[in-house]
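A.B. asks: Below you'll find the structure I mean.
Values quoted throughout were computed directly from the atomic coordinates according to the rules given, and no laboratory measurement underlies them. These numbers were taken from a predicted model, which means no experiment stands behind them. In this analysis, Cβ positions are derived from the backbone assuming ideal geometry, glycine residues included, and neighbour counts consider all displayed protein chains.
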Amino acid sequence: MFYLHHTPVWLRWLFPPGLLWQGAAPQGNEVFLTFDDGPHAEATPFVLDQLSAANMKGSFFCIGKNVVAYPHLFSQIIESGHTVANHTMHHVNGKLTDAVSYADNVAAADAHIHSNYFRPPYGQITSRQASAIKSRFSDMQIVMWSVLSGDFDTSKTGAQCFEKTIRHIRPGSIIVFHDSGKAMPRLAEALPRTLHWLRQNGLQSCALPKAKGPLPE
């Protein structure tokens with residue numbers, strides 16, 4: 001499985017304009033931990049406990065069908081002060097879905113999630129799909145990432161995911177983990193070590209702002 005743990009500028013040029021790859025760090029120490037694919041019965045409580053213990057916040061890009069399945073966990077994310085965001089209703093593959101159907105799936109998830117942040121599953125989105133989403137949600141910010149932990153990769157260990165992650169973290173980094181069953185074996189080691197590393201290096205994970213409007217770069 002080939003993928004880049006850090007998103008170089010040249011790669012961003014291959015995507016539609018207006019996507020958010022890097023956040024703002026006005027104090028010079030902010031980063032943005034994000035978690036895709038939940039809520040999940042085991043992984044989401046683990047992530048919430050880890051963030052609470054570290055006194056840090058994150059953003060959860062939730063799948064609509066999982067929100068329906070675990071409404072108490074979705075509520076717990078919000079009550080804990082984290083940001084919730086849209087990751088489609090059924091984790092649709094952008095390569096296999098036309099623009100209208102793609103936007104329909106985002107809209108279906110929005111009925112349960114109510115967020116102005118969206119991340120495309122697999123990081124796959126076309127200009128037509130992005131335009132279709134914007135036509136329905138004028139204030140929707142499509143959020144990508146600058147650091148990919150690789151915790152979804154069953155060929156890696158948690159230690160490898162941790163090492164790859166911290167190698168690329170800078171102030172303003174948007175970092176992807178997954179609160180999913182598939183990622184849990186690697187997440188269980190990589191996330192606590194990453195949170196400890198952030199504290200040691202004077203960095204603080206913040207949630208994406210809950211107010212309407214995009215996160216400034």
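A.B. asks: If you rank His72, His196 by fewest surrounding Cβ atoms within 10 Å, what's the result?
C.D. replies: Lowest count first: His72, His196.
A.B. asks: Another question, then. To the nearest 0.05, how large is the calculated FRET efficiency for Arg128 and Leu4 if R₀ is 35 Å and r is the Cβ-Cβ distance?
C.D. replies: That pair, Arg128 with Leu4, gives E of 0.90.
A.B. asks: Over the chain, what is the relative contact order in whole percent, taking alpha-carbon pairs under 8 Å and six or more residues apart?
C.D. replies: It rounds to 32 percent for the chain.
A.B. asks: Among 73-81, 87-95, what's the highest-first ranking by average C-beta atoms within 10 angstrom per residue?
C.D. replies: Final packing ranking: 87-95, 73-81.
A.B. asks: Identify the residues of the range 181-208 with backbone N under 18 Å of a label point that sits 7 angstrom from the Cα of Ser80 along the Cα-to-Cβ direction, or state none.
C.D. replies: In the range 181-208, the label zone of Ser80 (backbone N under 18 Å from the point 7 Å along Cα→Cβ) covers 181-199, 204-208.
A.B. asks: List Tyr3, Tyr102, Tyr122 from most exposed to least, where exposure is judged by having the fewest other Cβ atoms within 10 Å.
C.D. replies: Tyr3, Tyr122, Tyr102
A.B. asks: Considering only Pro16, Pro45, Pro26, give the residue with the highest GNM mean-square fluctuation for the chain, with springs between Cα atoms whenever their separation is below 10 Å.
C.D. replies: Judging by the Gaussian network model, the answer is Pro26.
A.B. asks: Evaluate the charge dipole of the chain about its Cα centre and quote only its size in Debye, nearest 20, assuming +1 on the Cβ of each Lys and Arg and -1 on the Cβ of each Asp and Glu.
C.D. replies: It works out to roughly 400 debye.
A.B. asks: Can you say what percent of the DSSP beta bridges in the chain, counting only those with both residues inside, are antiparallel? Round to 5.
C.D. replies: Percentage antiparallel, nearest 5: 10.
A.B. asks: Work out, step by step, the length gained on full extension between Ala53 and Lys65: first 0.36 nm times the residue separation, then minus their alpha carbon distance; give nm to one decimal.
C.D. replies: 1.5 nm
A.B. asks: Find which of Val9, Gln50, Phe74 sits farthest along the positive direction of the dipole of the range 1-118, computed with +1 on the beta-carbon of Lys and Arg, -1 on that of Asp and Glu, about the Cα centre.
C.D. replies: Going by the charge dipole, the pick is Val9.
A.B. asks: Oh, and also: In the structure displayed, which of Lys65/Lys95; Lys134/Lys156; Lys65/Lys164; Lys134/Lys164; Lys57/Lys95 lie more than 26 Å apart, Cα to Cα?
C.D. replies: The answer is Lys134/Lys156; Lys65/Lys164; Lys134/Lys164; Lys57/Lys95.
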